[in-house]
Structure formats: structure tokens, C-alpha cells
1. Can you give me the number of residues within the stretch 210-228 that are more than 28 Å from residue 257 (Cα to Cα) and either open to solvent by 100 Å² or more (accessible area, probe 1.4 Å) or of a type in the set (D, E, K, R) (or both)?
2. When only residues in the stretch 238-261 that are touching a strand residue (DSSP E or B) at 6+ places or on another chain (Cβ under 8 Å) and surrounded by 16 or more Cβ atoms within 10 Å (Cβ to Cβ) count, which is farthest from residue 95 (Cα to Cα)?
3. Go through (1) open to solvent by less than 10 Å² (accessible area, probe 1.4 Å); (2) not in a loop (DSSP other than H, G, I, E, B) for residue 231 and report which single condition fails.
4. Does the stretch 201-222 hold any residues that are of a type in the set (Val, Ile, Thr) and farther than 16 Å from residue 252 by Cα, and which are they?
5. So which pairs qualify, if the first residue must be in the stretch 122-142 and on the phi > 0 side of the Ramachandran plot and touching a residue at least 24 places away in the same chain (Cβ under 8 Å), the second must be open to solvent by 70 Å² or more (accessible area, probe 1.4 Å) and in a strand (DSSP E or B), the Cβ gap must be under 6 Å, and the two must be at least 6 apart or on different chains?
Amino acid sequence: MPTGVLLRAADGEPARAAAPGGDAGATGDSARGKHDMGEHQANRTASDTGCGAEALDSGRGTAADSGHRTAADSGHRAAAVKADKAGKYARVERERRFLLDRLPAPGAVTVARRITDRYVEGTRLRLRRVEWLDTGECTYKLTQKVPAPPGEPGAVQGLITNLYLSEQEYARLRAALPGPELTKTRLSVPPLGVDVFEGPLLGLVLAEAEFETAEDAETFVPPPGCVAELTDDRHFTGGRLVRTGREELRDGLAGYGVALP
């Protein structure tokens, strides 16, 4: 497997859901936990980042020093802190998406999860519940996706920010935030995550691979069984699929030579 390919088996999910008033748990089996550190690092709280910035400033000089700082110095520091915070909250989502005409062989699946996504009406927010089918364990998160500019080709989908929730927080937000829902089962088949859809999208099977760098994305060779690449086809993103009817899906797949059952 290429070094820069991120396994969808982990998908950034923590091993345990966040407890009320606490942090998301970081324990769990290695198949789920070993890829979580990067995303937890990317989603540290604002207070944590702010305290770190204050501690750094206090170690640089005395109050007398601060009196001699120029406006330009202050502006540079503010810009640096802002950029640092942005890097810790949002990360670039590099992803390639493929259409499959069949399910993967059962023996190739390492992890299976049932995912329910609510796309909050009028926003770029997604409320997600993930249930591991082997244990029944659940995690919850609120995600913001800022898409890349329209017409921009390539694996960069945009910026993604995740906030992990407790079960109680998820329930409250779900009751308060309206929007359509999409349900699918995600099968981890390294280096791909294979999404098997339900409801009006029954029969649709998509595979995704995530990457650390643009070079990794460009040089990735999809495994056999991929009918077509859909990376630049926005009709097959979650935000569009959640509003896609059966006939529209049938027409879209026909364009790639795939017929619904």
C-alpha cells in the first residue's frame, strides 16, 4: 500500500465516544486507534490552542519588552496565531472516489460500520452517527466541509473540520437541526473504504481513498473492479446523494454503464 494512503478503516473516528464534559477517548484496538492521533490533533479546543500561545508569548520577554513591540510585530504575531489555529481545526481533505459494480469479497473486509449522516439544512454541517457492527460501539461528530472552488479538478475536496460529541450532545443536536439523512454501510478494504448505500440509493457502491499529499493522490492506482472515477463528479458527493431520487440515480449510473438491480 502506498505510504501516503490513509486507511478508511479508521476514518478519523476515535475508539470511544466523548464523555459529557470530557475528551474523546483515545483507547481501543489498534485497527481503530492508530490513525486517530492526527485528527484529534487537528481538532484540539480553542482554549488549548490559546493557552499554548499565551505561554509561548510569556516566555519570550518581560512586560517592558512588550512596551517596545511595534504594531507590525503585533500584526505578524496575530497572523501567525490565526494561521496556527486554522491548521489545528481544519485539514485539507484529499480524496479520490470510484464507482464499483459489485461488493467486495467478504474476506477482504477488515472493519464494517453503519453510518447515518444528517445534512443540516441551509448549512455546510453534517451530523454523523457511526456504529461498529462487530461491537455495537458508537461515535458521534459534527462536521463542517468547506468545498473546493467549483470546477477545480483533482483530489482536493476542500477543508474539513470535526467536533466529536457525546451521545447526549448528538441527540440534542439531531432534535434541533433539521435536514435529510443518508444511511450507508462502510466496509474497510484497505486502502479503500467502500460505501454500500440504502433506501433510494440501494445498489450504489462507491469506493474512496484518502491521501496525505497531492503526489500520493496523483500516483495512486485504483484496485481492479473500479468501473469509473467519480472524483470530479459532484453528483456523487454525500451532500448531493442525500437529495438524489431513484430515477436520477438510475440515469446517473447509466452514464457510466452501470444498471441498478
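The values are calculated or read from the model by the stated rules, or taken from the named source; none is laboratory data. Treat the numbers as computed from the prediction; the structure is a model and nothing was measured. Note: ideal-geometry Cβ built from the backbone for every residue, glycine included; neighbour counts use all protein chains shown. Just so you know, the surface numbers come from the protein's heavy atoms only, side chains and all, with ligands and any DNA or RNA stripped out. Shrake-Rupley method; radii C 1.70, N 1.55, O 1.52, S 1.80 Å.
1. 3
2. Only one residue fits best here, namely 258.
3. Answer for residue 231: the failing condition is (2).
4. 213, 219, 221, listed by residue number.
5. Matching pairs, first to second residue: none at all.
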